[in-house]
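Student: To start, I am sharing the structure in question, which I have written as structure tokens.
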């Protein structure tokens, strides 16, 4: 059975340009495409630069800071030279489809591509020595999460803090690997590491809330700050500040290794757990609050996320739902995603893949949303997110049951 409901309309081209800083502005069309493109390149370069700033308070050795600042400047200069070609590529593709993007839509398509390059960079592993050195500092150094500035743009600074924690003799090689990883921007990726299943924060929170079974070794103790936040104040993961989330993910990496996780899997989980997604990057901006339902408001279907409307994100989330003894949903998780984003082609749109996750989980946990086979312990459903000129549709289709 398919559940289908019409959601609020969207008019292409009638959107304001919302920058990463949270400020809103409309991109006026200059007299020529060249002038328009130059203006967009300046804006895109400025917004991307925020993710490569090193706060003055960040505790980096002078030599490392100098090397990092040169590396980031070189990278930003290279990307700035690529941007005109990316804008032209997007124009030609839309023209070939018989469409003409407005200046704002063109900006968002290329901005999505940059956001995805940031995300792919965050989760890509380095060479063997780099991975071993990174694992070592995450296992032993609490300072790797002591970041400064806005956590939505800590991409580069978080990496440099991990290098700061490495022995000085390892930094030269680690910096070389960092330059190699940055060189992958704009290139085809043959493989991209998969999302952990379950997500590290879900697995960790479940362990914290559950008493150890007989014969099992107790988990590693939480650092005092995490113990106070999670156990004392009873805060959930979604409400944690970026620095606290980093510390939580670092603790889980250490705990998962103790449980026997492979180092590569533990590092992948940490990288996805600390990934700055598009949703996280825009969480405080006006774009994230547009048309959102009021807290507690009843809705028949999940609302289409404003950020997904703005970046023209569509796709599917595949849900796994478990029922309690009374046949009511008690646990839901996303087990797969198929997401498409305007401007991102030939690679997974990692920055946007989780954009529907929270709404999908909330929807799956509500009763009477889908048929429950008699006696089933669980069920799988898919949520289909569609977007067109006039409407968005979310549809849930049961895919079978777990006995």
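The values are calculated or read from the model by the stated rules, or taken from the named source; none is laboratory data. For clarity, every value in this text was computed on a predicted model and none was experimentally measured. FYI the Cβ positions are ideal-geometry reconstructions off the backbone, even for glycines, and counts take in every protein chain you see.
Student: Can you name every residue in segment 139-161 that is over 23 Å from residue 221 (Cβ atoms) and in a helix (DSSP H, G or I)?
Tutor: 151, 152, 153, 155, 156, 157, 158, 159, 160, 161
Student: Also: Filter segment 37-64 for residues that are closer than 23 Å to residue 170 by Cα, assigned to a helix (DSSP H, G or I) and touching a helix residue (DSSP H, G or I) at 6+ places or on another chain (Cβ under 8 Å) and give the result.
Tutor: Listed by number, the residues that qualify are 52, 64.
Student: Residue 267: at pLDDT 95 or above, over 18 Å from the mean Cα position of the chain (by Cα) and in the same structural domain as residue 219 (by TED's automatic domain parsing), yes or no?
Tutor: The answer is no for residue 267.
Student: Take the residues in segment 165-180 that are in contact with a helix residue (DSSP H, G or I) (Cβ under 8 Å, 6 or more places away or on another chain) and more than 14 Å from residue 136 (Cβ to Cβ); name whichever of them is surrounded by the most Cβ atoms within 10 Å (Cβ to Cβ).
Tutor: Ranking the qualifying residues of segment 165-180, first place goes to 178.
Student: Going by what's in this entry, would residue 233 be described as surrounded by 20 or more Cβ atoms within 10 Å (Cβ to Cβ) and more than 15 Å from the chain's Cα centre (by Cα)?
Tutor: Against the criterion (surrounded by 20 or more Cβ atoms within 10 Å (Cβ to Cβ) and more than 15 Å from the chain's Cα centre (by Cα)), residue 233 does not qualify.
Student: Hey, does segment 160-176 have a residue that's under 22 Å from the mean Cα position of the chain (by Cα), touching a residue at least 24 places away in the same chain (Cβ under 8 Å) and under 20 Å from residue 226 (Cβ atoms)?
Tutor: Yes, because at least one residue in segment 160-176 is under 22 Å from the mean Cα position of the chain (by Cα), touching a residue at least 24 places away in the same chain (Cβ under 8 Å) and under 20 Å from residue 226 (Cβ atoms).
Student: Out of 308, 351, 332, which single residue is at pLDDT 90 or above, in contact with a helix residue (DSSP H, G or I) (Cβ under 7 Å, 6 or more places away or on another chain), not assigned by TED's automatic domain parsing to the domain that holds residue 101 and not in a strand (DSSP E or B)?
Tutor: It is 351.
Student: Which residues, taken from segment 241-286, are touching a strand residue (DSSP E or B) at 6+ places or on another chain (Cβ under 9 Å) and part of a helix (DSSP H, G or I)?
Tutor: 278, 286
Student: Next question. Report whether or not residue 67 is in a helix (DSSP H, G or I) and touching a helix residue (DSSP H, G or I) at 6+ places or on another chain (Cβ under 6 Å).
Tutor: Criteria met by residue 67.
Student: What are the residues in segment 66-85 that are over 26 Å from residue 107 (Cα atoms) and exposed (fewer than 13 other Cβ atoms within 10 Å of the Cβ), if any?
Tutor: 66, 70, listed by residue number.
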